[in-house]
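First comes the structure, then the notes that go with it.
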Amino acid sequence: PDSRAELLADGRVRLTVPYRIETELAMEILRYGATCIVQGPAPLRRSVARAHADAAARYAGDEP
């Protein structure tokens, strides 16, 4: 209920979400894949980036 959504001039939406548990929010963000950008805070941004990089590495090889 404390989340805020702001429509940006370019059509994107900025969503501000208060949270206590970073891993729960990161999992929610990861559901949106490349369509979502975490602007901050920096630790959350790094956590999501690391999860995306780990997932991409799993698909980089020829092995299933």
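Taking every protein chain into account, the accessible area of the chain amounts to 89 square angstrom per residue (probe 1.4 Å). Of the residues I21, A5, S47, the one whose Cα sits farthest toward the positive end of the charge dipole of the chain, with +1 on the Cβ of Lys and Arg and -1 on the Cβ of Asp and Glu, is A5.
Placing unit charges on the Cβ atoms only, positive for Lys and Arg and negative for Asp and Glu, gives the chain a dipole magnitude near 200 debye about its Cα centre.
Rounded to the nearest 10 degrees, the inclination of helix 42-60 to the longest alpha-carbon principal axis of the chain is 30 degrees. Each other residue within a Cβ distance under 15 Å of V48 adds +1 if Lys or Arg and -1 if Asp or Glu, for a net charge of 0.
The values are calculated or read from the model by the stated rules, or taken from the named source; none is laboratory data. These numbers come from a predicted model, not from an experiment. Counting neighbours? That spans all protein chains shown, and the Cβs are built from the backbone with ideal geometry, glycine included. Keep in mind that these areas ignore ligands, DNA and RNA; they rest on the heavy atoms of the full protein, side chains included. Shrake-Rupley method; radii C 1.70, N 1.55, O 1.52, S 1.80 Å.
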